[in-house]
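Every number in this text was worked out from the coordinates using simple rules, so none of it is lab data. The structure presented is a predicted model; accordingly, all values stated were derived computationally and were not measured. We place every Cβ from the backbone using ideal geometry, glycine too, and count neighbours over all the protein chains shown.
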Amino acid sequence: MKLKPAHCLVYAACFALMGNVNAADFIKPTPWSSLVTNDIQRFLPSDEVRTLLAGEDEFISLYRQSMAASQRGIVLIIPDWQHVPTNNAGINFLRKQLNEIGYATLAMTMPDIDWHPADITMPEPIENSETESTTQNDQQADSAPPAKTQQAPHFVTGEPNISEAVLDDYKLKLIARFNALYNSAMDEGGNIIVVAQGASAGLLIEHYASFPNNELNAFISLGSYLPNSIRNQHLNATLSTISPPLLDIFYSEGNPDTLQSVKDRKRWVRKHAKYDYRQRELFGLPSEPEQHERLLKEIDGFLRRLF
């Protein structure tokens, strides 16, 4: 069957378009932190939004002033990684309701996670020629010991969920932003309290176990854990060595890694005699409104015993 000239032109145009689609450059997706920043600047009141600088990294924080007659301090709110400071797991509720009992609040937006950090070194390519590699292979074959008999398979432990390189890279970004947030809170004066959630809380506990220069009056952990089996196991001992008074809150239907660590944390606290440690269990899910009210009461009661 013969094609008409018009049909030939149509087919040629279609093939040309298909070639352009296949040759299109890869478009890098917009970073998650940029999407969060755009949403916050669009939907939240402008007087709550503060721009801070951590080195060359510019990020958004949310500030709300105390509405009580006398201010009791300022609370730095650190959400879980890849969570927004307006999330419904108790963070946004605390950000607003702590103002009513005498605390200013300063909530931080979280950095992006680099799943392939630059410090991971790849094996270098072999630059030897074919003749050299052939000679080396022959020499190795001559000097190689006789092959061993195949051994029976054995059980091994599972690999951690997230590599330590990814966690360490994220921790550097988190601490840089946290220090900028802390320096901004210093202008307020009074007590400085940290309320940290999830993996961010776990990394900050590791940070404060090294006794940094910036001191806190209290540290409140909401379901702290680390998404790495080895690091999470060490976290139970680490939290008993930090100097700030610690309120360790977990949910009965929260993260399984946190629930499995509860008893071990108490053991380490007794061993290191951390008498300003308190552990509290909230029932249900972190997103339930009833738990938000109890969360606020537990935090308020803990802080009133301190100051």
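Sort 68-76, 289-297, 235-243 by packing, meaning the average of other beta carbons within 10 Å per residue, with the highest value first. Each step should come with its number before you reach the end.
Working: 68-76: 17.4, 289-297: 15.7, 235-243: 19.8.
Answer by packing, highest mean first, reads 235-243, 68-76, 289-297.
Show me the ranking of peptides 195-201, 47-53, 28-34 by mean Cβ neighbours inside 10 Å, starting with the highest. Working shown, then result.
Values: 195-201: 26.9, 47-53: 13.1, 28-34: 11.0.
Highest mean packing first, the order is 195-201, 47-53, 28-34.
Please arrange TYR208, TYR63 by how many other C-beta atoms lie within 10 Å of their C-beta, fewest to most.
Values: TYR208 20, TYR63 17.
The most exposed by this proxy come first: TYR63, TYR208.
Just flag the chymotrypsin sites (Phe, Trp or Tyr not before Pro) in segment 243-298 sitting in loop per DSSP whose Cβ has no more than 15 other Cβ atoms within 10 Å. Kindly include the intermediate steps, with their values, before the conclusion.
Working: sites: PHE250, TYR251, TRP268, TYR275, TYR277, PHE283; in loops: TYR275, PHE283.
Within segment 243-298, the qualifying chymotrypsin sites (Phe, Trp or Tyr not before Pro) (loop, at most 15 other Cβ atoms within 10 Å) are TYR275, PHE283.
Against the empirical 2.2 N^0.38 Å scaling, what ratio does the C-alpha Rg of segment 68-118 come to?
On the way: Rg = 13.9 Å, N = 51, 2.2 N^0.38 = 9.8 Å.
Compactness ratio reported: 1.41.
From the backbone phi of segment 201-206, what are the Karplus-calculated ³J(HN,Hα) couplings (6.51 cos²θ - 1.76 cosθ + 1.60, θ = phi - 60°) in whole Hz, Gly and Pro given as x?
Working through the residues one at a time gives 5, x, 5, 5, 5, 4 Hz.
Checking the table LYS96/LYS274; LYS28/LYS96; LYS171/LYS274 against a 28 Å threshold on Cα-Cα, which pairs fail?
Numbers: LYS96/LYS274 31 Å; LYS28/LYS96 36 Å; LYS171/LYS274 25 Å.
Exceeds cut-off: LYS96/LYS274; LYS28/LYS96.
I'm a student and want to see the number: the projected area of the Cα convex hull of segment 192-307, averaged over all directions, in nm². Walk me through the numbers on the way to the answer.
Details: hull surface 27.0 nm².
The Cα convex hull of segment 192-307, projected and averaged over all directions, gives 6.8 nm².
Within the set of other residues whose C-beta is less than 15 Å from the C-beta of VAL84, count the net charge using Lys and Arg as +1 and Asp and Glu as -1. Mind dumping the intermediate values first?
Numbers: positive: ARG42, ARG95, LYS96, ARG177; negative: ASP39, GLU48, ASP80, ASP112.
Once positives and negatives cancel, what remains is 0.
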